[in-house]
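The values are calculated or read from the model by the stated rules, or taken from the named source; none is laboratory data. Quick caveat, the model's predicted, so the values are computed rather than measured. Cβ placement follows ideal geometry from the backbone for every residue including glycine, while neighbour counts extend to all protein chains displayed. Surface areas here come from the heavy atoms of the whole protein model, side chains and all, with no ligands, DNA or RNA. Shrake-Rupley method; radii C 1.70, N 1.55, O 1.52, S 1.80 Å.
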Amino acid sequence: MPTTQDLANAIRALSMDAVQKANSGHPGAPLGMADIAEVLWRRVLRHNPSNPSWWNRDRFVLSNGHASMLLYSVLHLSGYPLSIDDIKNFRQLGSHTAGHPERDLHLGIETTTGPLGQGIANAVGMALAEKLLAAQYNRPGFDVVDHRTWVFLGDGCLMEGISHEACSLAGTLKLGKLVAFFDDNGITIDGDVKGWCADDTPGRFEAYGWNVIRHVDGHDAEAIAAAIAQATAQSERPTLVCCRTVIGKGSPNKEGSAKTHGEPLGAAEIEATRKHIGWPYAPFEIPADIRAAWDLRATGEAAQAEWDALFGRYAAAHAELAAEFSRRMRGELPANWATVREAALREGAAVQGGQATRQSSQVALNAIGPQLAELVGGSADLSGSNNTFRKDSKAVTATDAAGNYVNYGVREFGMTAIMNGMALHGGFRPYAGTFLVFSDYARNAVRLAALMKQGIGLVYTHDSIGLGEDGPTHQPVEHTASLRLMPNVDVWRPCDAAETAAAWISTVERADGPSALVLTRQALPQQPRSADQQAAMARGGYTLLDSAGTPEALLIATGSEVALAVEVAHALTAQGRRIRVVSMPCVEAFDRQPAAYRDAVLPPAVTRRVAIEAGSTGLWWRHVGLNGRVLGIDQFGASGKAADLFKHFGLTAEKLQQSVVELLHS
């Protein structure tokens, strides 16, 4: 009968062998946290290796994602579809076992973040998702949403500022089913952490309102089990279990040293470690009795079967709730979505007169939100400015989780990573807002949303120098272009209410990546469109105003500059010139269109092209060509009234017309 030490040593052996074979990786944390992992996964965690996507499973997040071999070892041992050959191919091109895996639910990986700190923030989002779903769907006698979120994290995660943003909010909202294990080994890459981080970590988390369990021996299975029992005995506060561990535990000559963090132990040290921990087996060999003790498929299937029976009774008693819950967890839009979609587009097209697109966004949200329970909103302390609070919004509080709106406070980075966690959990399509210039604070979480293909909505208002007197610190210049540079992000900069509604429809329908809505503070006019043009908005770029006959020049514009392009086109048409205006609210969506469509909108033979956008010019050259021109802003803004600023920076109808005329005569 294997001991708990034998079972933990299986993790250590697989981890050090895989890192050694790859000649790359991080053995220190897997060796140091193996005992905690053994207790959590074998005794406590409710999951089903035979069905990694079971809805009511516990969620596990490895926030210190460099320790990925710890998770791969546990998944392989407990029966997930991760073979020993996968373990042997650690960090190789095309392997299932990447260096920082991020997300692969088929293999049981909820999320395992590379950038430190984001994992704990994702876990806060998961715990929040569980609390909201439970409030919405549980009924007396039917706790169909009832699971916990568990996190492993280290010193690096806690030094990153995002940990403060997310953990502070978790304490405020009393996410009592969130439990984090702090791998307190006192070592980071540069050595002993005391030289650069002398924080009172337990005191910090107590100040957040967390339940803190101090001084747990991270290598004593029974002490770990007792701490877990203490954590789960209450549900009013998230818990931080402070586990004192030794990095590289079991390596007789290197344990406790930063040398075990990010490099293989070496063949000689691995041999010495095998002897030291009593593991007399060949590399990648797991004895049958240890493998059998680790196999958790039967217990997982039994746990899910018990829940399936409960859900069956729930469905019989609450058919409509069960159907809606199931739809949301499958990630499907409601059956009446086509009707909701058309209503939102009509609402946008019906707006008259000048309206800021941030206000147009709220019009669209008011049309969509009440029909879409999974659309949970929020803002980083800018609800009134971002217009993200819709008519059916209700704030989530510590004592009332039945709401659908999260006041994130001034926490842009944490907000975005928490939304990622909610999306990863399932059952939600989260969105939240801040000023576009502050997207920089959130950038790495936006990048992970794109990398992990999570459908979140990023509402970025005050999109240009048009915000006026707040000045260059608040006036985004490079931000829209910067977001467009990021793979798998759709960036929408609509010119009026109709395009804003189309942007929201695309955001809701897109499940494989984030969408950013870049919206104005200042009012914009509404543009007339035919039915065909209304339909073409979804394609990201379309002919808004055409010429009689083949155009002599193309004007390409987005957002607030579309109205300038239309004005200039009308003026030049009156002079007998043939000018086409192309509105391109989403370059990414346009670039995905078939070549025939793109060429129909931007005929290759028409080389006289001018693009205009109140931001960086660099990316527009591929659409205007070397013979074209781009009007934009490649310097920081200034404080002043919006109209004065547009004139100062040359973003006027007069300047645009001058550029077109010069091209026509070239």
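Structure notes:
- Identification of helices (runs of 4 or more DSSP H) wholly contained in segment 528-642 with 1 or more residues that are within 23 Å of residue 516 (Cβ to Cβ) and not hydrophobic (A, V, I, L, M, F, W, C) yields 531-536, 587-591, 595-601, 621-624.
- Within segment 633-666, tally of residues that are in contact with a strand residue (DSSP E or B) (Cβ under 7 Å, 6 or more places away or on another chain) and open to solvent by less than 30 Å² (accessible area, probe 1.4 Å): 7
- The set of residues in segment 539-555 that are surrounded by fewer than 18 Cβ atoms within 10 Å (Cβ to Cβ) and without any contact (Cβ under 8 Å) to a residue 60 or more places away in the chain comprises 546, 548, 549, 550.
- Flag for residue 460 being open to solvent by less than 10 Å² (accessible area, probe 1.4 Å), in contact (Cβ under 8 Å) with a residue 60 or more places away in the chain and of a type in the set (Phe, Trp, Tyr): no
- Tally, over segment 164-179, of residues that are more than 11 Å from residue 121 (Cβ to Cβ) and in contact with a strand residue (DSSP E or B) (Cβ under 7 Å, 6 or more places away or on another chain): 3
- Any hit, segment 564-586, residues being under 36 Å from the mean Cα position of the chain (by Cα), open to solvent by less than 40 Å² (accessible area, probe 1.4 Å), among the aliphatic types (A, V, I, L, M) and closer than 17 Å to residue 348 by Cβ: no
- In segment 248-258, residue farthest from residue 148 (Cα to Cα) [restricted to those that are in contact (Cβ under 8 Å) with a residue 24 or more places away in the chain and open to solvent by 10 Å² or more (accessible area, probe 1.4 Å)]: 252
- Of everything in segment 467-483 that is surrounded by fewer than 24 Cβ atoms within 10 Å (Cβ to Cβ) and touching a helix residue (DSSP H, G or I) at 6+ places or on another chain (Cβ under 6 Å), the residue that is farthest from residue 526 (Cα to Cα) is 474.
- In segment 518-526, the condition of being without any contact (Cβ under 8 Å) to a residue 60 or more places away in the chain and part of a loop (DSSP other than H, G, I, E, B) is met by no residue.
- In segment 324-338, the residues that are assigned to a helix (DSSP H, G or I) and open to solvent by less than 60 Å² (accessible area, probe 1.4 Å): 325, 326, 327, 328, 329, 337
- Where a residue in segment 293-322 is more than 27 Å from residue 75 (Cβ to Cβ) and its partner, wherever it lies, is open to solvent by less than 60 Å² (accessible area, probe 1.4 Å) and among the aromatic types (Phe, Trp, Tyr), with Cβ under 6 Å and at least six apart: 314/142; 321/137; 322/314
- Count of residues meeting criterion [part of a loop (DSSP other than H, G, I, E, B), in contact with a helix residue (DSSP H, G or I) (Cβ under 9 Å, 6 or more places away or on another chain) and surrounded by fewer than 17 Cβ atoms within 10 Å (Cβ to Cβ)] in segment 221-244: 0
Quick grid of which residues meet (1) farther than 20 Å from residue 445 by Cβ; (2) in contact (Cβ under 8 Å) with a residue 12 or more places away in the chain; (3) open to solvent by 10 Å² or more (accessible area, probe 1.4 Å); (4) not basic (Lys, Arg):
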site: 155; (1), (2), (3), (4): yes, yes, yes, yes
site: 174; (1), (2), (3), (4): yes, yes, yes, no
site: 179; (1), (2), (3), (4): yes, yes, no, yes
site: 202; (1), (2), (3), (4): yes, yes, yes, yes
site: 209; (1), (2), (3), (4): yes, yes, yes, yes
site: 214; (1), (2), (3), (4): yes, yes, yes, no
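- Residues satisfying the stated conditions in segment 57-110, i.e. open to solvent by 10 Å² or more (accessible area, probe 1.4 Å), closer than 20 Å to residue 156 by Cα and touching a residue at least 60 places away in the same chain (Cβ under 8 Å): 60, 66, 99, 102
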